[in-house]
Amino acid sequence: MILAFDFNPLTRLVFGTDSMAQLGKIASELGFRRALLVADPGLVAAGHVERAAAVLGRQAIAAIPFHDFTTNPDAAMVERGRLFAADQEIDSIVALGGGSSMDCAKGINLVLTNGGRIHDYWGYNRASRPLLPAIGVPTTAGTGSETQSYALIADAVTHVKMACGDAKAAFRVAILDPELTLSQPRSVTASAGFDALSHAVESYVSTKRNALSQCFAREAWRLLAGHFERVLAEPNNREARAAMQLGACYGGLAIENSMLGAAHACANPLTARYGIEHARAIALLLPAVVRWNGPSANELYRELLQTSGLAACPPDVAEALARRLERFAAAGGLESRLAAAGVRREDLPSMAEEASKQWTGRFNPRPFGVQEALEVYQWAY
């Protein structure tokens, strides 16, 4: 049966080598004159902020940089951005960087234009007024946030991740320039790349999947699985960089149209409790989730493996896919066992309670609750 869907692309995609050079022209077409340039401190050090400001400047667009945030942006960082932007008379936003920059920019846009706290936008379509036009320019190949209408913002006290979604928060344009990803440290290439792989795997089998989302997820998996190890071995290989960036983008489109599953539900408590970076938390859990989902998703996993060139799949397809993912994690220096990451066994039951409340778990192909989350953690331990 072909499942129904409602596809409304919110973001124009501009992909290609040196497409960053088009930032000023595209921004000018959208009416930008004073743009808040949201980029983390690493992008400042790498020279990307200076270059983006120069490209905008050639179109007489002032760039006002904001970089007072870190990985996993929280509500306090969003509020700092709002306070900073409120005095700058900005009329637009450019998000430059990885998922942290993208999420922080969306969060700032929501509270700057609609008031209140970012907590008020936890859920979907809670903004009543228009947002400022925004452009996303990813410098990593991971989250696919440039094509999503959600901002993932942590509560500054509890560290619980809030999914704040609104169609108006989506970037008007995403500029995908593979050259910008060349400056990524190897560790970022590995963690971001594995995160992108997880998006393809989870969105392909989610209960909200449809023909369109699976097209994006399948192509994302083909590109990412085919180039993950290559980009780690040959970091200056531009073809591999381009494939990873486009694959991550397609993964983001798949999420936007089908959501995720148990790996992301179980990853968030790890980040909140242990401060484990999101992508590394995903690497700790995804192989176990794939094995655990096998009874419900075996045939769909078979399709993914065949997409990446495996002509004859073994009977236990979930095990084959899990081993492939463990191989990727090992190639990137990512741990794939909770015990090795310092997670305490006695914490698993309380983390399972937290994981069962995560929104993404409800879209997992195998029913997911407290007991099921505990099983996943135990399988990953």
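The values are calculated or read from the model by the stated rules, or taken from the named source; none is laboratory data. No experiment lies behind these values; they were computed from the predicted model shown. Note that we place each Cβ from the backbone using ideal geometry, even for glycine, and neighbour counts take in every protein chain shown.
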*Only one of these conditions is not met by Leu212: (1) of a type in the set (A, V, I, L, M); (2) farther than 21 Å from His278 by Cβ; (3) assigned by TED's automatic domain parsing to the domain that holds Pro138. Which number is it?*
(3)
*Within segment 173-181, is even one residue assigned to a strand (DSSP E or B), over 16 Å from the mean Cα position of the chain (by Cα) and surrounded by fewer than 24 Cβ atoms within 10 Å (Cβ to Cβ)?*
yes
*Which is closer than 21 Å to Ala267 by Cβ and modelled with pLDDT of 95 or more, of Lys106, Lys161?*
Lys106
_Six or more apart or on different chains, Cβ atoms under 7 Å: show the pairs whose first residue is in segment 66-92 and under 15 Å from Leu110 (Cβ atoms) and assigned by TED's automatic domain parsing to the domain that holds Ala53 and whose second is outside any helix (DSSP H, G or I) and among the basic types (Lys, Arg)._
Ala75/Arg117; Ile90/Arg34
*Among the residues listed as Asp68, Asp91, Asp87, Asp74, the single one being at pLDDT 95 or above and within 23 Å of Asn114 (Cβ to Cβ)*: Asp91
*asked:* Residues to consider are Leu286, Leu253, Leu270; find the one that is more than 18 Å from Asn364 (Cβ to Cβ), surrounded by 24 or more Cβ atoms within 10 Å (Cβ to Cβ) and not β-branched (Val, Ile, Thr).
replied: Leu253
*Being in a loop (DSSP other than H, G, I, E, B) and touching a strand residue (DSSP E or B) at 6+ places or on another chain (Cβ under 8 Å), is that true of even one residue in segment 55-63?*
yes
*Return yes when Ser296 is in the same structural domain as Cys215 (by TED's automatic domain parsing), surrounded by fewer than 18 Cβ atoms within 10 Å (Cβ to Cβ) and either at pLDDT 90 or above or aliphatic (A, V, I, L, M) (or both) and no when it is not.*
yes
*Within the bounds of segment 19-39, is there any residue that is polar (S, T, N, Q), modelled with pLDDT of 95 or more and farther than 25 Å from Arg238 by Cα?*
yes
_Can you go through Ala263, Ala220, Ala240, Ala272 and tell me which one is part of a helix (DSSP H, G or I) and either in contact with a Cys (Cβ under 9 Å, 6 or more places away or on another chain) or polar (S, T, N, Q) (or both)?_
Ala220
*In segment 185-224, which residues are surrounded by 23 or more Cβ atoms within 10 Å (Cβ to Cβ), small (Gly, Ala, Ser) and in contact with a Phe, Trp or Tyr (Cβ under 8 Å, 6 or more places away or on another chain)?*
Gly193, Ala200, Ser203, Ser206, Ser213, Ala217, Ala220
*Looking at segment 287-301, is at least one residue hydrophobic (A, V, I, L, M, F, W, C), in contact (Cβ under 8 Å) with a residue 60 or more places away in the chain and touching a strand residue (DSSP E or B) at 6+ places or on another chain (Cβ under 7 Å)?*
no
*Can Val111 be described as of a type in the set (A, V, I, L, M), modelled with pLDDT of 95 or more and within 14 Å of Cys164 (Cα to Cα)?*
yes
